[in-house]
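The values are calculated or read from the model by the stated rules, or taken from the named source; none is laboratory data. It should be emphasised that the depicted structure is a prediction, and the values quoted were computed from it without experimental measurement. When we count neighbours, we look across all protein chains shown, and the Cβ atoms used for this are built from the backbone with ideal geometry, even at glycine.
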Amino acid sequence: MSVKNPQNNDYVLSRRFAYAQDIFGVIAFILAVVQGITTLMPAKSFLVISGLVLFLEYIASYYKGIHFENGHRKREAWLIDNSFHEKRIPNYNSETYYDNSSVTGEEIRLLANIHENSLYTSRIAEKMARPYYYLTAFSFILFVIGLFFSGLNDYTSLLLSFIVSSSLLDRAMKLNALTKSTSFVFEKINGICNEYEKQLSDKHLILSQIIEVLLLYENVIFESKIILSERIFHQLNDSLKIEWFKIRDSYVIYGNQKETES
């Protein structure tokens, strides 16, 4: 699977705004911590600065969503193009992104593409979530320690506000939900393939199941508005590609045709 695709430019912009949102979240966290250990600036000044940072974080979140939606529409069109040999997006070769050119049958290729996407998304999202969990857990520990020693004061209130309203916690929760939901889609497609293996599904039933997992996967991706990390993608791409080829080639529904690797 290649990282270059028609939605790449929109996703790059969305990812940059997501990074900006994370940076503003970290600044808000630093302000919350510093406010409790220094008297160089009045608490009201910290609140004003924190409010400005949160406003900038909101702006970054807004534009992140706008560019994500533009890219998501292109990604959906390209998925259909690759599966059904169409050209809604001209001048792009979808074979460089998806690894399922050997799969015969348009609806079955669509199933394979969703199957592959759900594998990649669940694994990358799981790894992306870890630093957000660590920072959120660290801030919660600081809050509990501050609450234990000094009670609920301006400092602990600011930390609590950061924990509750921070985009970092929101991102961690969304990544966790994305991991679980796409893992569910992946396992559901495994079930469809197993039913076909046992000759328990006819063509019409499989088609309805493919439509179901397509809608399920696309809704999960759109609701999360998470752009997967390009760095983690490159780290996992080779191993995930090998894993996907083994999964795909093990199922009769995909024709047991091994992809020719260039």
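A Cβ distance below 8 Å, combined with a sequence gap of six or more or placement on separate chains, defines the contacts here; from segment 229-241, residues that are without any contact (Cβ under 8 Å) to a residue 40 or more places away in the chain reach no residue that is of a type in the set (Ser, Thr, Tyr) and part of a helix (DSSP H, G or I). Answer yes or no: is there a residue in segment 96-119 that is outside any loop (DSSP other than H, G, I, E, B), closer than 21 Å to Asn176 by Cβ, modelled with pLDDT of 90 or more and not hydrophobic (A, V, I, L, M, F, W, C). Yes, some residue in segment 96-119 is outside any loop (DSSP other than H, G, I, E, B), closer than 21 Å to Asn176 by Cβ, modelled with pLDDT of 90 or more and not hydrophobic (A, V, I, L, M, F, W, C). For segment 110-140, name all the residues that are out of contact with any Phe, Trp or Tyr (no Cβ under 9 Å at 6 or more places or on another chain) and hydroxyl-bearing (Ser, Thr, Tyr). Selection gives Tyr132, Tyr133, Tyr134, Thr136. Of all residue pairs spaced 6 or more apart or on separate chains, those with beta-carbon atoms under 6 Å, a first member in segment 193-210 that is at pLDDT 70 or above and a second member that is part of a loop (DSSP other than H, G, I, E, B) and surrounded by 10 or more Cβ atoms within 10 Å (Cβ to Cβ) are Cys193/Tyr251; Glu195/Ser201. In segment 132-152, the residues that are more than 19 Å from Met173 (Cα to Cα) and among the charged types (D, E, K, R) form no Cβ pair under 7 Å with any partner that is modelled with pLDDT under 75 and in a helix (DSSP H, G or I), whether six or more places apart or across chains.
Determine, yes or no, whether Gly25 is in a helix (DSSP H, G or I), surrounded by 19 or more Cβ atoms within 10 Å (Cβ to Cβ), modelled with pLDDT of 75 or more and not charged (D, E, K, R). If you could, list the steps in order and put the result at the bottom.
Working: in a helix (DSSP H, G or I): yes; surrounded by 19 or more Cβ atoms within 10 Å (Cβ to Cβ): yes; modelled with pLDDT of 75 or more: yes; not charged (D, E, K, R): yes.
Spelling it out, Gly25 is indeed in a helix (DSSP H, G or I), surrounded by 19 or more Cβ atoms within 10 Å (Cβ to Cβ), modelled with pLDDT of 75 or more and not charged (D, E, K, R).
Do we have Arg248 as in a helix (DSSP H, G or I), more than 30 Å from Ser61 (Cα to Cα) and among the basic types (Lys, Arg) here? Give the steps one after another, and end with the answer.
Working: in a helix (DSSP H, G or I): yes; more than 30 Å from Ser61 (Cα to Cα): yes; among the basic types (Lys, Arg): yes.
So Arg248 fits the description; yes.
For the structure I just gave you, tell me whether Lys180 is modelled with pLDDT of 75 or more, surrounded by fewer than 20 Cβ atoms within 10 Å (Cβ to Cβ) and over 30 Å from Gln21 (Cβ atoms).
Values: modelled with pLDDT of 75 or more: yes; surrounded by fewer than 20 Cβ atoms within 10 Å (Cβ to Cβ): yes; over 30 Å from Gln21 (Cβ atoms): no.
Answer is no for this residue.
Every condition in (1) at pLDDT below 85; (2) on the phi < 0 side of the Ramachandran plot; (3) loosely packed, with under 14 Cβ neighbours inside 10 Å is met by Gly151 except one, and the failing one is (2).
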